[in-house]
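Notes follow the structure.
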Amino acid sequence: MSLEKILSISGKPGLYQLKTQTRNGFVAESLIDGKKISVGARDNVSLLSEIAIYTLTEELPLREVFKKISEKENGGPTINHKVPKVELEEFFFEVLPDYDEDRVYPSDIKKVVQWYNLLQKNGVTDFSEKAEEETDATSEEE
């Protein structure tokens, strides 16, 4: 499973895995409880592979941020997303010292940490571009 198939749906907690397309949208499965939901074309949906974090010099793909967190935590889970705001900001500064503090809000950091831990729990631990490309090549062959 790569970030290409992982979705964030506005107004719904957690992350979802894209399962299949339908006439009016698609079906997604929650990574939290495994329940499948129907997502319409009007829902605000973001692919994790398309999300980036602002730094002082560029926008860094979320995949790269997850990779940095994974390196810091030796591939394991990280801090809880419910820790105080100050702890989240300190942690994120350790991981990404040049993140843009004016445009990356504590709520964004909280989401990144929560998403990382959710992906870890579900066995998504390879955040390299190679993993993304292999998934693309596999889906093209099918």
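Structural remarks
- Every residue from segment 8-25 that is small (Gly, Ala, Ser) and either within 24 Å of Gly123 (Cβ to Cβ) or surrounded by 10 or more Cβ atoms within 10 Å (Cβ to Cβ) (or both): Ser8, Gly14, Gly25
- Some residue of segment 29-50 being modelled with pLDDT of 95 or more, of a type in the set (S, T, N, Q) and out of contact with any strand residue (DSSP E or B) (no Cβ under 9 Å at 6 or more places or on another chain): no
- Taken together, the residues in segment 67-103 that are part of a loop (DSSP other than H, G, I, E, B), among the β-branched types (Val, Ile, Thr) and more than 15 Å from the chain's Cα centre (by Cα) amount to 2.
- Selection of segment 1-55 for residues being among the small types (Gly, Ala, Ser), touching a residue at least 60 places away in the same chain (Cβ under 8 Å) and in a strand (DSSP E or B) yields only Ser8.
- Residue ID - surrounded by the most Cβ atoms within 10 Å (Cβ to Cβ), chosen from residues in segment 26-51 that are among the β-branched types (Val, Ile, Thr) and more than 15 Å from Leu118 (Cα to Cα): Val39
- Options Asp108, Asp98, Asp126; residue that is charged (D, E, K, R) and modelled with pLDDT under 95: Asp126
The values are calculated or read from the model by the stated rules, or taken from the named source; none is laboratory data. The shown structure was predicted, so the numbers you read here are calculated from the model rather than taken from an experiment. Cβ atoms come from the backbone with ideal geometry, glycine included; neighbour counts cover every protein chain shown.
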